[in-house]
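S.K.: Have a look at this one before I ask anything.
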Amino acid sequence: MYLALAETGCCTLPLGKSEDPDSVIDLVTRFDANVLLVMPSNLGPVITRLEETGRRLESIRLAVTDGEPLYPSDEARFRKSLEDATVFRSVFQTSDTGTIGYQCGSCGPGEFHLHEELQLAELVDVDADGTGQLITTNLERHLTPVVRQRTGDLARALRQPCPCGDTAPRIRLADGPARSSSSEGRSSR
Ligand SMILES: [Zn+2]
């Protein structure tokens, strides 16, 4: 991730969850950071500290979450300690198969455009309403190609064109655990 970000020319602050919240807040403030790439559960302690001290991280324009779902209630809470106009987006990936999806401004919770250039996504064991097990193939991982691996997620395809104009296919992840657990891939989103 950091290697990819370095290609963009941006300044990255590799703050881990081991950093104490005050250090994270001070560094974000000192460097005037404007984007957070963070797991919601790791952002929680920072937000708690901001709430305790009455401070806000007003430089943050975009918060990209991954690793786990961002629930609307958490987003609403986080927003109070960031900038009112902070945009929240999520990426969907698994440690085994790599990045699978991304959100545009039109994607709702749990909805993602698929990275077609990276992943061949399939749904199997599809039920009557179109929800099935998500399987991905990623041949771009040259050293460890992934072939038809279950992510452990239930999803259904969104057939309507996305209002954003991006023609990449979209999926909506279902809430709740997959009907049959898989040890092949543990999902993180
Ligand atoms: Zn879109």
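Readers should treat all values here as calculations from the given coordinates under stated rules, not as data from a laboratory. What you see is a predicted model, and the numbers here were worked out from it, not measured in a lab. All Cβ positions, glycine included, derive from the backbone under ideal geometry; neighbour counts span all protein chains shown.
S.K.: DSSP loop (so not H, G, I, E, B), at most 13 other Cβ within 10 Å: list which trypsin sites (Lys or Arg not before Pro) in the stretch 133-172 pass both filters. List each step's numbers first, then the result.
M.R.: On the way: sites: ARG141, ARG148, ARG150, ARG156, ARG159, ARG170, ARG172; in loops: ARG141, ARG159.
Listed in order of number, the matching sites are ARG141, ARG159.
S.K.: Considering the chain as a Gaussian network with a 10 Å cut-off on Cα pairs, which listed residue, LEU139, LEU173, LEU82, attains the greatest mean-square fluctuation?
M.R.: Comparing LEU139, LEU173, LEU82 in a Gaussian network model of the chain, the most mobile one is LEU139.
S.K.: On each of the three principal axes of the Cα atoms of the stretch 1-85, give max minus min coordinate, whole Å, ordered largest first.
M.R.: 35, 28, 27
S.K.: What list do you get for THR151, THR94, THR29 if you sort them by fewest beta carbons within 10 Å?
M.R.: Working: THR151 27, THR94 23, THR29 14.
Ascending Cβ contact count within 10 Å gives the list THR29, THR94, THR151.
S.K.: If each residue's Cβ is checked for other Cβ atoms within 10 Å, how do TYR2, TYR102 rank with the fewest at the top? If you can, show how the numbers build up before the last one.
M.R.: Numbers: TYR2 8, TYR102 19.
The most exposed by this proxy come first: TYR2, TYR102.
S.K.: So which GluC sites (Glu not before Pro) in the stretch 67-145 end up in coil per DSSP with only 13 or fewer other C-beta atoms within 10 Å? Kindly include the intermediate steps, with their values, before the conclusion.
M.R.: Numbers: sites: GLU75, GLU83, GLU111, GLU116, GLU117, GLU122, GLU140; in loops: GLU83, GLU116, GLU117, GLU140.
Answer by residue number: GLU116, GLU117, GLU140.
S.K.: I've got another one for you. Select from the chain the helices, each a whole stretch of DSSP H, whose alpha-carbon atoms run 15 Å or more along the helix axis and whose Kyte-Doolittle mean is at least -1.0; answer none if there are none.
M.R.: Details: long enough: 40-53 (20 Å, -0.32).
Going by DSSP H runs, the hits are 40-53.
S.K.: Taking the beta-carbon count within 10 Å as an exposure proxy, list MET39, MET1 from fewest neighbours to most. Each step should come with its number before you reach the end.
M.R.: Details: MET39 14, MET1 11.
In order of increasing Cβ crowding within 10 Å: MET1, MET39.
S.K.: Now a separate question. Find the Rg to Rh ratio for the chain, where Rh is the Kirkwood radius over alpha-carbon pairs and Rg uses the same atoms. Could the numbers behind the result be given before it?
M.R.: Working: Rg = 17.7 Å, Rh = 17.9 Å.
Using only Cα positions, Rg/Rh for the chain is 0.99.
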